[in-house]
Amino acid sequence: MSPADTGASVVTMRSGASASSASSASTSSSSADTDTRLVPGGPGYRRMSFALFAAGVATFALLYSTQALLPAISDDLGVTPDQASWTVSAATGGLALAVVPLSALSERYGRRATMTAALCVAAFVALLVPFAPGLGWLVALRTVQGAALAGVPASAMAYLAEEVRPKALIGAIGLFVAGNSIGGMVGRILAGWVAQAWGWRAGLAAVGALAVVCAVVFRLMVPKARHFAPSAISFRALGRTVGGHLSDPLLRRLYGIGLLFMTVFGAVYTVIGYRLADAPFSLPQGVVGSIFLIYLVGTVSSAAAGQLVGRLGRRGALYLAVGTTTAGLLLTLTSSLAAVLLGLVLITAGFFAGHAVASSSVSRAAKTGRAQASALYQTAYYLGSSVGGTLGALAFRSAGWDGTVVLGLAAMVGAASITLYATRKAIAHQRLVAMSRR
C-alpha cells in the first residue's frame, strides 16, 4: 500500500455501529474539554502516533520484502522471473482477498485486536520465510503473510477516526502514511543491501526482524480503544452493500482506474531489478535495492494531487497522471541509466498522483457503506499489483523490458479510455441540464 492508498480515504474505513458510536462520542458534549478522544499534546496521542507509525512500517516492509530480491531468488532457486514474481503477487493477492472480510471482523472484535493479531501472525510468518526450501513454500508463506497483513489497513483508518478528535485526524493519519511509505522503501533497501553481503535469505530475515520489533512496539504503545462499540457481523448485509457498490458505474470506473495504474506500477517495480542487474547496467544487488528511494517522489506527488484536482479537475488530473506515467515508460526504453532513472521518477509520480485522485474519489462517490467502498478499492488496487507483477514478469521473459513497457502502455490506454468515457458522459449530462433550463 502506498501513502495515498491509506491517506486518501481518511474517514471512510468506518461502518455501521462503530461509526455511530464515534459520532455519538463526539457529540455527547457541547464542550471540547469533555471530549475524551485523543488530541496532540494530550495523554496517549504520542503513543498512538508512534504505534501506528510502527504498524505502517512493518506492514509495507513485509508486503514487498521480496521485490528487490527477485534476481537473487531466480539465480539461487533456478526459476524464471515470472515464477519468482509470484513471491510478490501472492502477498498482494492475499491482502486483496482478505481486506474486506477482515474489515468486517474488526467491527466485531475491535480495531486494536485485529491489528495486533495481523502484525503478530505476519511477523511470525516472516521468521519462517527465509527457511522456505523452495519456491512453492515461499509463495505459500507469502500468501498467508499478505492475508494476515490485510488486518492493518482494514482497521487502522477506523481506529484513528474513532479515537482521535477530528481536528487532529489529518496529522495522525499523516504519521501512519509516513510509516507506510518508509516501511515500503526501507524494507526493500534493507533487504537489498543485506542480500548483497549474505544472500537473499538473510535479506528477508533482516526485514522479518524489523517487523518483529515493530509489532512489539505497536502492542506496547497502542492505547486501548475507548470509543469502539462492537457490532454483530452480518454477511448478508455486507453482501448487499458490496453488491450495491459493484453495480455503481462510477465506482466500477474508479476501481478499474486504480487496478490499471497499479498494474503498471507492479509490473515496472517487479521487473526493474532484472533490467538493472543485467547488461548494460550490471548494477549490484544493494544498488538495485536503493532504486526504491524513488518512492519519495510518490510522497510528493500524492500530496500535490489535491492541488492538481483544484486546478484541472479530477478528470484533468487523471489525464495528466496517465501522460506522466506514459512518458516515463517510454523513457525507460533507452540504454541510458540516467534516462531510465528519470523514467522511473515519472512513472512513480504519475502513478501516485493518479492513485491519489482515484482513491479519494471513491469516498466522495459512495453515498453509503463507505468503509466497504474503500475496502473494494483496496481489493482492486492490490489485485492490480498481483496481475501487474505476474504479467510484467511474463512479458519480460518473453520480450525483455520492451514487453513489460508494452504491458504498461496498454494499461495506461485503458485508464485513459475510462477517463475519456467519463468525460463524455459528464459533457452529455451538462448539455442535458443546459437544454432543460431553456
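Being open to solvent by less than 10 Å² (accessible area, probe 1.4 Å) and touching a residue at least 12 places away in the same chain (Cβ under 8 Å) is true for just one of THR379, THR368, THR419. Which residue is that?
Answer to the selection: THR419.
Tell me, please, whether a residue that is of a type outside the set (S, T, N, Q), closer than 16 Å to ALA375 by Cα and not in a helix (DSSP H, G or I) can be found in region 197-220.
The answer is no; no qualifying residue exists.
Among (1) assigned to a helix (DSSP H, G or I); (2) modelled with pLDDT under 90; (3) farther than 26 Å from MET262 by Cα, there is one condition PRO43 misses while meeting the rest; what is its number?
For PRO43, the failing item is (1).
How many residues are without any contact (Cβ under 8 Å) to a residue 40 or more places away in the chain and either in a helix (DSSP H, G or I) or under 22 Å from LEU97 (Cα atoms) (or both) when one looks only at region 317-365?
Matching residues across region 317-365 total 12.
Test VAL79 against the criterion of being part of a loop (DSSP other than H, G, I, E, B) and open to solvent by 20 Å² or more (accessible area, probe 1.4 Å), and give yes or no.
Numbers: part of a loop (DSSP other than H, G, I, E, B): yes; open to solvent by 20 Å² or more (accessible area, probe 1.4 Å): yes.
Yes: the conditions hold for VAL79.
Determine whether region 388-405 contains at least one residue that is among the basic types (Lys, Arg), touching a residue at least 24 places away in the same chain (Cβ under 8 Å), part of a helix (DSSP H, G or I) and more than 16 Å from VAL264 (Cα to Cα).
Looking through region 388-405, at least one residue is among the basic types (Lys, Arg), touching a residue at least 24 places away in the same chain (Cβ under 8 Å), part of a helix (DSSP H, G or I) and more than 16 Å from VAL264 (Cα to Cα).
Need at least 1 residues that are at pLDDT 95 or above per element, so show me which helices (runs of 4 or more DSSP H) inside region 91-170 make the cut, counting only ones lying wholly within it.
111-128, 135-149
Of the numbered conditions (1) in a helix (DSSP H, G or I); (2) out of contact with any strand residue (DSSP E or B) (no Cβ under 8 Å at 6 or more places or on another chain); (3) of a type outside the set (Val, Ile, Thr), MET48 fails exactly one; give the number of that condition.
The failed condition is (2).
So if I check each of LEU260, LEU204, LEU220, LEU238, which one is of a type in the set (A, V, I, L, M) and in contact with a Leu (Cβ under 9 Å, 6 or more places away or on another chain)? If you could, list the steps in order and put the result at the bottom.
Working: LEU260 fails: in contact with a Leu (Cβ under 9 Å, 6 or more places away or on another chain); LEU220 fails: in contact with a Leu (Cβ under 9 Å, 6 or more places away or on another chain); LEU238 fails: in contact with a Leu (Cβ under 9 Å, 6 or more places away or on another chain).
The match here is LEU204.
State yes or no: is THR116 within 30 Å of ALA229 (Cα to Cα) and either open to solvent by 20 Å² or more (accessible area, probe 1.4 Å) or touching a residue at least 60 places away in the same chain (Cβ under 8 Å) (or both)?
Values: within 30 Å of ALA229 (Cα to Cα): yes; either open to solvent by 20 Å² or more (accessible area, probe 1.4 Å) or touching a residue at least 60 places away in the same chain (Cβ under 8 Å) (or both): yes.
When the stated conditions are applied, THR116 passes them.
Among the residues of region 209-243, count how many are aromatic (Phe, Trp, Tyr) and surrounded by 16 or more Cβ atoms within 10 Å (Cβ to Cβ).
Of all residues in region 209-243, those aromatic (Phe, Trp, Tyr) come to 218, 228, 235.
So of that shortlist, the ones also surrounded by 16 or more Cβ atoms within 10 Å (Cβ to Cβ) come out as 218, 228.
Total meeting the criteria: 2.
The values are calculated or read from the model by the stated rules, or taken from the named source; none is laboratory data. These numbers were taken from a predicted model, which means no experiment stands behind them. Methodologically, a virtual Cβ is constructed for each residue, glycine included, from the backbone with ideal geometry; neighbour enumeration extends over all protein chains shown. Heads up: the accessible areas ignore ligands, DNA and RNA and are worked out on the full protein's heavy atoms, side chains in. Shrake-Rupley method; radii C 1.70, N 1.55, O 1.52, S 1.80 Å.
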